[in-house]
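A.B. asks: First, the structure itself, so that you have it in front of you.
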Amino acid sequence: HQPVEHVESLRLIPGLQVLRPADAAETVEAWRLALERTDGPTALVLTRQAVRPLGGTPGRTRRVREGSDLQLVATGSEVGLALDVADLLAQRGAEAEVLSVLDRAAYRRPIDRFV
């Protein structure tokens, strides 16, 4: 059992930074962000699932697939599922951009600042 439904409860805690990495590189970035933070606690929400490396430079938000028709946004292990969906959409002629969002609070800001 992985209680991902608790992630939303964590995000409601004032001052708690919630990071949900999608691969090993994002996990390293999450640790770095947590250790550098001096104004409050950080929760790292990790998966037990085997996840594929995404490539690119990890950050609070990163583009892991280019696309111009629609945008899929995911966190943690669901990024792999979003990539699978993008592959299915491509077979039907739709090019989906996929974003991995390590820090959902950062995604609420204008996305062009991060990708």
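A.B. asks: With Asp84, Asp69, Asp39 as the choices, which residue is free of Cβ contacts under 8 Å to residues at least 40 places away in the same chain, surrounded by fewer than 16 Cβ atoms within 10 Å (Cβ to Cβ) and in contact with an Asp or Glu (Cβ under 6 Å, 6 or more places away or on another chain)?
C.D. replies: Details: Asp84 fails: in contact with an Asp or Glu (Cβ under 6 Å, 6 or more places away or on another chain); Asp39 fails: in contact with an Asp or Glu (Cβ under 6 Å, 6 or more places away or on another chain).
It is Asp69.
A.B. asks: Sticking with this one: Among what's in segment 87-109 and is touching a residue at least 24 places away in the same chain (Cβ under 8 Å) and of a type in the set (D, E, K, R), pick the residue that is farthest from Leu44 (Cα to Cα).
C.D. replies: Keep residues of segment 87-109 that are touching a residue at least 24 places away in the same chain (Cβ under 8 Å), which gives 94-107.
Going one step further and asking which of them are of a type in the set (D, E, K, R), we end up with 95, 97, 103-104.
On the way: Glu95: 31, Glu97: 25, Asp103: 10, Arg104: 12 Å.
The selected residue is Glu95.
A.B. asks: Across segment 6-16, what is the number of residues that are under 14 Å from Ser77 (Cβ atoms) and assigned to a loop (DSSP other than H, G, I, E, B)? Talk me through it step by step, then tell me what you get.
C.D. replies: Of all residues in segment 6-16, those under 14 Å from Ser77 (Cβ atoms) come to 7.
Narrowing further to those that are assigned to a loop (DSSP other than H, G, I, E, B): none.
The number of residues fulfilling the criteria is 0.
A.B. asks: Here is a further query. Within segment 1-36, can you find the residues that are surrounded by 14 or more Cβ atoms within 10 Å (Cβ to Cβ) and without any contact (Cβ under 8 Å) to a residue 24 or more places away in the chain? Explain how you work it out, then say what you get.
C.D. replies: Kept after step one, since they are surrounded by 14 or more Cβ atoms within 10 Å (Cβ to Cβ), are these residues of segment 1-36: 4, 7, 11, 17-23, 25-27, 29-31, 33-34.
Once the filter is applied, which keeps residues that are surrounded by 14 or more Cβ atoms within 10 Å (Cβ to Cβ) and without any contact (Cβ under 8 Å) to a residue 24 or more places away in the chain, segment 1-36 yields Thr27, Trp31, Ala34.
A.B. asks: Filter segment 25-62 down to the residues that are modelled with pLDDT of 95 or more and in contact with a Ser or Thr (Cβ under 6 Å, 6 or more places away or on another chain) and list them by number.
C.D. replies: Result: Ala34, single match.
A.B. asks: Any idea which residue in segment 70-104 is modelled with the lowest pLDDT, counting only those that are charged (D, E, K, R) and within 22 Å of Glu8 (Cβ to Cβ)?
C.D. replies: The initial filter retains those residues of segment 70-104 that are charged (D, E, K, R), namely 78, 84, 87, 92, 95, 97, 103-104.
Those left that are additionally within 22 Å of Glu8 (Cβ to Cβ): 78, 103-104.
Values: Glu78: 93, Asp103: 90, Arg104: 85.
Here the answer is Arg104.
A.B. asks: Could you please find all residues in segment 46-63 being touching a residue at least 40 places away in the same chain (Cβ under 8 Å), surrounded by 12 or more Cβ atoms within 10 Å (Cβ to Cβ) and either of a type in the set (A, V, I, L, M) or farther than 25 Å from Leu89 by Cα (or both)?
C.D. replies: Once the filter is applied, which keeps residues that are touching a residue at least 40 places away in the same chain (Cβ under 8 Å), surrounded by 12 or more Cβ atoms within 10 Å (Cβ to Cβ) and either of a type in the set (A, V, I, L, M) or farther than 25 Å from Leu89 by Cα (or both), segment 46-63 yields Thr47, Leu54, Gly59, Arg60.
The values are calculated or read from the model by the stated rules, or taken from the named source; none is laboratory data. Just so you know, these numbers come straight off a predicted model, no measurement behind them. Positions of Cβ are generated from backbone atoms using ideal geometry, with glycine treated the same way; all protein chains shown enter the neighbour counts.
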